[in-house]
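**Q** This is the structure I have questions about; it appears just below.
The values are calculated or read from the model by the stated rules, or taken from the named source; none is laboratory data. Bear in mind the structure is a predicted one, so any value in this text is a computation, not a measurement. Cβ: placed from backbone, ideal geometry, glycine included. Neighbour counts: every protein chain shown. Calculation scope for accessible area: heavy atoms of the full protein, side chains included, ligands and nucleic acids excluded. Shrake-Rupley method; radii C 1.70, N 1.55, O 1.52, S 1.80 Å.
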Amino acid sequence: MRDCYCTVNLDQEEVFRTKIVEKSLCPFYGEDFYCEIPRSFRHLSFYIFDRDVFRRDSIIGKVAIQKEDLPKYHNRDTWFQLQHVDADSEVQGKVHLELRLSEVITDTGIVCHKLAARILECQGLPIVNGQCDPYATVTLAGPFRSEAKKTKVKKKTNNPQFDEVFYFEVTRPCSYSKKSHFDFEEEDVDKLEIRVDLWNASNLKFGDEFLGELRIPLKVLRQSSSYEAWYFLQPRDNGSKSLKPDDLGSLRLNVVYTEDHVFSSDYYSPLRDLLLKSADVEPVSASAAHILGEVCREKQEAAIPLVRLLLHYGRVVPFISAIASAEVKRTQDPNTIFRGNSLTSKCIDETMKLAGMHYLHVTLKPTIEEICQSHRSCEIDPVKLRDGENLENNMESLRQYVDRIFTVITKSGVSCPTVMCDIFFSLREAAAKRFQDDLDVRYTAVSSFIFLRFFAPAILSPNLFQLTPHHTDPQTSRTLTLISKTIQTLGSLSKSKSASFKESYMATFYEFFNEQKYADAVKNFLDLISSSGRRDPKSIEQPILLKEGFMIKRAQGRKRFGMKNFKKRWFRLTNHEFTYQKSKGDQPLCSIPIENILAVERLEEESFRMKNMFQVIQPERALYIQANNCVEAKDWIDILTKVSQCNQKRLTVFHPSAYLNGHWLCCRASSDTATGCTPCTGSLPANIQLDIDGDRETERIYSLFNLYMGKLEKMQEACGSKSVYDGPEQEEYSTFIIDDPQETYKTLKQVIAGVGALEQEHAQYRRDKFKKTRYGSQEHPIGDKSFQNYIRQQSEVSTHSI
């Protein structure tokens with residue numbers, strides 16, 4: 001048996017690690033990882049490791065998906081065969097090379113040809129066993145010769161600048177009777193090639209590690225005497241042929257990869273304005289946002305970008321109020337209110353997820369963490385009881401947990417975010433107005449969201465709401481399921497409680513909670529979170545924890561004679577201060593008030609020869625920090641920038657490198673207080689709750705409209721048929737909700753025009769980009785498959801347009 005864990009890597013940089021599943025050959029991880037990708041990459045890789053207590057963990061195998069293949073597997077569960085990991089499978093990075101062929105006349109008057117091979121630099125080489133000391137060998141190889149030369153070793157860098165030139169004699173002088181320009185024997189040059197191999201100089205006795213190679217036939221010099229290009233490194237031709245692929249097992253993954261090509265803001269104005277005024281359109285079913293919900297296959301895919309866009313511009317409450325009251329008018333039975341998967345319920349779900357995440361953490365996290373750590377058995381199904389367990393004890397344990405969670409929820413009303421309270425207020429009003437005879441409907445309308453769709457799912461799967469880092473073990477998971485069921489029933493205020501359970505043991509357990517005080521507590525809580533104008537200054541004052549985790553920091557030089565060394569520390573960021581301590585839960589060693597953060601910027605790798613570094617600039621000094629990987633670094637920089645956005649004294653310029661040995665490495669200024677030499681990066685919107693890019697969301701909505709253009713046109717036909725023909729509806733049109741055909745038609749026309757205009761802009765941009773791009777440039781090195789596919793697509797498109 002093995003103790004295995006899995007890592008997620010961009011190329012070879014680890015960005016996420018699952019928990020270890022012990023003693024299993026078929027481990028189930030069930031973990032979700034989400035990140036914005038902060039840099040370009042070629043492969044998304046997954047490595048499976050076997051933990052070894054005494055030695056370094058051994059790699060079992062890996063799955064590497066090329067970036068251009070990601071759309072193939074988008075949002076589909078797929079089994080991938082594990083591949084062997086060796087030097088050839090780990091090749092990455094690119095090389096900048098220049099070749100020049102020149103005539104040389106020797107003393108005897110004979111002309112011969114010399115080849116100059118200049119190796120300029122490499123980028124993104126793999127780091128082997130935590131270090132990279134690369135050098136290159138340059139070989140001129142042919143059928144009858146092989147001549148090799150070697151560069152110097154560059155220490156501690158995976159982006160080495162070599163800039164070395166090597167000379168080789170190419171032709172045999174005797175065969176040159178003709179003195180014409182480069183008219184050398186074809187067969188001679190055709191058979192010669194330049195080979196560049198990259199190696200990691202290892203100080204171990206096993207020899208140097210292979211990092212990649214490239215081969216260039218000298219044919220490329222036929223057209224002109226010099227040639228310069230970037231190349232992707234490739235594995236060796238005779239690379240160790242892997243064993244049968246089915247030896248290592250396989251890995252099941254579901255990868256969702258989205259790539260948005262976003263223009264600047266002004267391009268989106270027409271479509272964005274149309275979406276933002278959706279709440280004011282009468283009837284709301286004729287608005288652009290509602291139409292998006294009608295044409296999308298899943299309401300969820302429409303709700304996500306819509307809610308984010310409307311939240312960003314502060315229009316989410318009026319829009320949700322409008323669609324909710326329209327839905328309530330269509331509802332016949334008060335018991336089925338907001339139970340379907342309508343656009344309203346999906347939009348409210350999405351808003352609660354975005355605006356309520358911190359509220360959820362403050363309310364539930366301490367209790368959930370305690371349940372996960374205590375491992376008390378709470379099984380109350382007599383059939384599933386283990387030997388030696390007592391049903392009464394288990395029931396008592398479960399009752400205590402349910403009581404505690406019920407109490408923290410019903411006491412948390414003052415912390416409920418304003419946006420959510422405003423939405424609940426409008427739901428309550430709409431429901432009470434529609435069903436005036438039913439006095440409970442004002443509560444069930446709100447509880448169907450806050451309990452059924454917010455608290456209950458978070459208790460059931462805490463890892464999906466970041467309440468726990470990994471998914472819980474089977475016993476804890478069972479406890480949480482039982483708690484979630486009970487809380488859901490308590491919150492739903494249904495009349496005959498015990499009857500609402502399929503299982504008799506749940507009905508027996510529920511007898512504990514059949515007292516009036518529980519129903520009263522729920523009603524008081526629902527009243528508080530759905531009353532208008534509820535503002536509690538206390539809820540804003542307590543510090544909100546925004547992010548925490550281990551990073552490495554350099555001593556700031558606060559002590560006069562202290563060593564400026566690097567140490568691992570636990571960092572915590574709240575909306576009041578940024579602190580670090582030795583480990584989680586210790587007293588802070590240093591606290592920086594948010595108002596003292598003048599800028600947060602990346603730090604150039606050259607400063608300390610360390611990757612993923614950034615600096616937090618304060619009035620008297622800068623704190624240099626190294627994050628664990630590129631994703632972490634981007635997250636920390638973004639959130640620190642956002643929190644300190646409103647500071648009065650924010651800097652406009654900064655030093656991108658460190659102050660070392662009496663001067664700044666970037667601009668060579670000698671004073672440590674010299675003003676910066678580089679402008680600070682663009683600022684983000686200063687609202688802590690949500691980091692949303694409105695243009696990116698509009699671009700997503702545009703691509704959804706574009707994808708479902710056929711349905712938009714069908715909806716136009718439906719409007720036309722409705723306004724002229726008043727009989728029974730045609731089958732194909734009956735799926736759309738159309739209250740006012742003329743208004744809806746007018747909006748559809750504007751949507752289609754806005755989408756068409758954006759489509760033309762995208763096409764024009766692609767054409768311009770295609771004309772400007774050069775194969776072999778730094779952005780598109782030779783060997784870039786995605787670029788070759790791109791060229792193929794573009795040439796197909798251009799032939800169609802001709």
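**Q** Would you please give the FRET efficiency between residue 105 and residue 774, computed as 1/(1 + (r/R0)^6) with r the Cβ-Cβ distance and R0 = 35 Å, to the nearest 0.05?
**A** Efficiency, from the Cβ-Cβ distance: 0.50.
**Q** Between residue 620 and residue 724, what is the FRET efficiency for a Förster distance of 56 Å, r being their Cβ-Cβ separation, to the nearest 0.05?
**A** Here the calculated transfer efficiency is 0.15.
**Q** Still on this structure, please answer the following. Return the sequence-ordered ³J(HN,Hα) values of the range 515-526 in whole Hz as given by the Karplus equation 6.51 cos²θ - 1.76 cosθ + 1.60 applied to θ = phi - 60°, using x for Gly and Pro.
**A** Values, residue by residue: 7, 5, 4, 5, 4, 5, 4, 5, 5, 4, 4, 5 Hz.
**Q** Roll a 1.4 Å probe over the protein chains and send me the accessible area per residue for the chain in Å².
**A** With all protein chains present, the chain gives 52 Å² per residue.
**Q** Follow-up question, since we're still on this one. When the chain is fully extended, how far beyond the present Cα-Cα distance does residue 37 get from residue 396, taking 0.36 nm per residue of separation?
**A** 124.5 nm
**Q** If one takes the longest principal axis of the Cα atoms in the chain, at what angle in degrees, from 0 to 90 and to the nearest 10, does the Cα axis of helix 694-707 lie?
**A** With both axes taken from Cα atoms, the answer is about 90 degrees.
**Q** On a full-extension model of 0.36 nm per residue, what is the gain between residue 22 and residue 387, subtracting their alpha-carbon distance, rounded to one decimal in nm?
**A** Result for the pair: 129.0 nm of gain on full extension.
**Q** Which lysines does residue 433 reach when only Cα atoms under 18 Å apart count, and residues fewer than 8 places away in its own chain are ignored?
**A** 329
**Q** When we measure straight from the Cα of residue 517, which lysines land under 16 angstrom away, once same-chain ones fewer than 8 places off are left out?
**A** Cross-link targets: 411, 495, 497.
**Q** Leaving out ligands, DNA and RNA, and with a 1.4 Å probe, what % of the accessible surface on the range 309-466 is carbon or sulfur?
**A** Looking at the range 309-466 in its full context, I get 50 percent from C and S.
**Q** Let's see if you can work this out: charge +1 on each Lys and Arg Cβ, -1 on each Asp and Glu Cβ, no other charges. What is the dipole magnitude of the range 298-355 about its Cα centre, in debye to the nearest 20?
**A** Approximately 120 debye in magnitude.
**Q** Sticking with the crude label model, points 7 Å out along Cα→Cβ, report the distance from residue 259 to residue 313 in nm, one decimal please.
**A** About 2.9 nm separates the two model spin labels.
**Q** Could you tell me which trypsin sites (Lys or Arg not before Pro) in the range 37-98 are loop residues by DSSP with no more than 16 other beta carbons within 10 angstrom of their beta carbon?
**A** Sparse-neighbourhood loop trypsin sites (Lys or Arg not before Pro): 39, 51, 55, 56, 76.
**Q** In degrees between 0 and 90, to the nearest 10, how far off the longest principal axis of the chain does helix 709-724 point, with axes built from Cα atoms?
**A** Approximately 40 degrees, to the nearest 10.
**Q** Please find the FRET efficiency linking residue 663 to residue 297, where r is the Cβ-Cβ separation and R0 is fixed at 51 Å, and quote it to the nearest 0.05.
**A** So the FRET efficiency works out to roughly 0.25.
**Q** For the ranges 250-258, 585-593, what's the packing order if you count other beta-carbon atoms within 10 Å of each residue, average per peptide, and put the highest first?
**A** Ranking, from highest mean packing down: 250-258, 585-593.
**Q** For the cross-link pairs 67/611; 277/714; 67/634; 642/711; 299/365, which exceed 32 Å when the distance is taken from alpha carbon to alpha carbon?
**A** In this structure, 642/711 exceed 32 Å between Cα atoms.
**Q** Taking amide H atoms as placed 1.01 Å from N in the peptide plane, list the residues 5 or more away in sequence, or in a different chain, whose amide H sits under 5 Å from that of residue 15.
**A** Distant-sequence amide H within range of residue 15: 8, 9, 10.
**Q** Right, here's the next one. So, taking all protein chains as they sit and a 1.4 Å probe, how much accessible area belongs to residue 77, in Å² rounded to tens?
**A** Its accessible surface works out to 90 Å², give or take rounding.
**Q** Step through the residues of the range 297-311 one at a time and calculate ³J(HN,Hα) from phi using the Karplus curve (6.51 cos²θ - 1.76 cosθ + 1.60, θ = phi - 60°), rounding each to whole Hz and writing x for Gly and Pro.
**A** 5, 10, 4, 4, 5, 6, 5, 4, x, 4, 5, 5, 5, 5, 5
**Q** Check which residues have an amide H placed less than 5 Å from residue 164's amide H, if you skip close sequence neighbours.
**A** Those lying under 5 Å, H to H, from residue 164 are 119.
**Q** Just to check I understand the Karplus step: with θ = phi - 60° and J = 6.51 cos²θ - 1.76 cosθ + 1.60, what whole-Hz values come out for the range 230-236, glycine and proline as x?
**A** 9, 10, 7, 5, 10, x, 5
**Q** Run the quick spin-label model on residue 750 and residue 677: label points 7 Å from Cα toward the beta carbon, then report their separation in nm to one decimal.
**A** So the two model labels end up 5.2 nm from each other.
**Q** Continuing with this model, one more query. Expected output is a single nm value to one decimal: the length gained when fully extending between residue 649 and residue 157, i.e. 0.36 nm times separation in residues minus the C-alpha distance. What is it?
**A** In short, 173.5 nm is gained.
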